[in-house]
1. Across region 140-158, what is the total count of residues that are in contact with a Leu (Cβ under 7 Å, 6 or more places away or on another chain), within 17 Å of residue 126 (Cα to Cα) and free of Cβ contacts under 8 Å to residues at least 60 places away in the same chain?
2. Which residue is least open to solvent (accessible area, probe 1.4 Å), if the candidates are limited to region 130-170 and must be assigned to a loop (DSSP other than H, G, I, E, B) and among the acidic types (Asp, Glu)?
3. Looking for something open to solvent by less than 50 Å² (accessible area, probe 1.4 Å) and out of contact with any Leu (no Cβ under 8 Å at 6 or more places or on another chain) - is there at least one such residue anywhere in region 228-235?
4. Across region 216-226, what is the total count of residues that are surrounded by fewer than 16 Cβ atoms within 10 Å (Cβ to Cβ) and either touching a residue at least 24 places away in the same chain (Cβ under 8 Å) or touching a Cys at 6+ places or on another chain (Cβ under 9 Å) (or both)?
5. Which pairs turn up if I take residues in region 312-325 that are more than 12 Å from residue 26 (Cα to Cα) and look for partners that are outside any helix (DSSP H, G or I) and open to solvent by 10 Å² or more (accessible area, probe 1.4 Å) with beta carbon separation below 7 Å, at least 6 apart in sequence or on another chain?
6. Can you pull out every residue in region 53-68 that is among the polar types (S, T, N, Q) and open to solvent by 10 Å² or more (accessible area, probe 1.4 Å)?
7. Being at negative phi and open to solvent by 40 Å² or more (accessible area, probe 1.4 Å) is true for just one of 187, 204, 121, 195. Which residue is that?
8. Find the strands (runs of 3 or more DSSP E) located wholly in region 1-96 whose residues include 1 or more that are of a type in the set (Gly, Ala, Ser), and list them.
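The values are calculated or read from the model by the stated rules, or taken from the named source; none is laboratory data. Note that the coordinates shown come from a computational prediction; the quantities given were computed from them, not determined experimentally. Quick reminder, even Gly has a Cβ in these numbers, built from the backbone with ideal geometry, and neighbours come from all protein chains shown. The protein model used for the area step is the full one, side chains on, heavy atoms only, and it has no ligands, DNA or RNA in it. Shrake-Rupley method; radii C 1.70, N 1.55, O 1.52, S 1.80 Å.
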Amino acid sequence: MKERPRRLRRTAGLRAMLRETTLSAHQLIQPLFVTHGEDIHRPVPSMPGIFQHSVDQLEIEVQGIVEAGIHAVLLFGIPSKKDEIGSENFSDEGVIQLAIKAIKKVQPELLVITDVCLCEYTSHGHCGLLSPSERTAEREVLNDETLKILDRVAVSHAKAGVDVVAPSGMMDGMVGSIRSALDDQGYSHVSIMSYAVKYASAFYGPFREAVQGGAVFGDRRSHQMDPANSREALREAKLDVAEGADFLMVKPALPYLDVISGLALGFPEMPLVSYQVSGEYSMLKAAIQNGWLDEKDAVMEALIAIRRAGADLIITYYAKDVGRWLS
Ligand code: PBG
């Protein structure tokens, strides 16, 4: 026998030298849920280990994140009240605007990324403005009207000091529209991390509990992508690059490794991010809490697989934990 690949797996040293993919804390982004009020550190039941934090609690939370070696957070807000157009989303006193300022005051070096979407802020829970149809179930998510609101949200986050805006609503033209709005208002330094390829996924389930959101009727299949499609992912990515996206994203992560790989090969010049979403996190946690999986081994394997497929950066609810394990 001439071919003996096992020779190269013989010792830990050899395995380390020949490892093709790496994972380090600076490749991870920690999502945070921010709520109004004081002294709030409220567990999200479907996501053990994840909390909603009030703005005053962020100082402690981001300190832990920075100490774990993580360089970036992604903020999601829970507004005090929701309405038809999601007004708090672009208010100077909105929960996210306050959170950005609070974080920048204590950790100016920490990269702050914000979700830009209407769904957490609208009374109907949809990602855009709705057509005024007689029958509720027939109301549709309007595209171009929604862009105007997204522009206002992005500019208002920029005014509060955000580094990166991450539009997640899958509206056509959102990247181009936000880019011009930011540039017009003097925020050309703010980058856009586009959720270029976001699937209409069942794995967002626990997130809806985390942000107390979700559509009151209907679903998101008229704008998020069909899980059966991959060629369409290239089309979405191409449009976002042309519109001025600074990063591309594939979401969810583990069930879509082929799509990550396709984008990595198709757009080698673009930084590629993938989002290990709430359902991926909760599945791992549930099995771990039952003693069915070893936490560190399972989490590291899932993350290295996402990196191996071609993601440069990973948004994961495990970021802080993994940062600690790695140090
Ligand atoms: C929309 C948004 C969602 C997630 C991130 N941004 C929910 C959705 O599209 O329905 C899901 C994230 C997760 O599941 O972890 N603002």
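1. Of the residues in that region, 3 qualify.
2. Looking at the filtered set, the residue picked out is 163.
3. no
4. The number of residues fulfilling the criteria is 4.
5. 317/50
6. If the condition is that a residue be among the polar types (S, T, N, Q) and open to solvent by 10 Å² or more (accessible area, probe 1.4 Å), then 57, 63 are the ones that fit.
7. 187
8. Passing ranges, in order: 51-54, 72-78.
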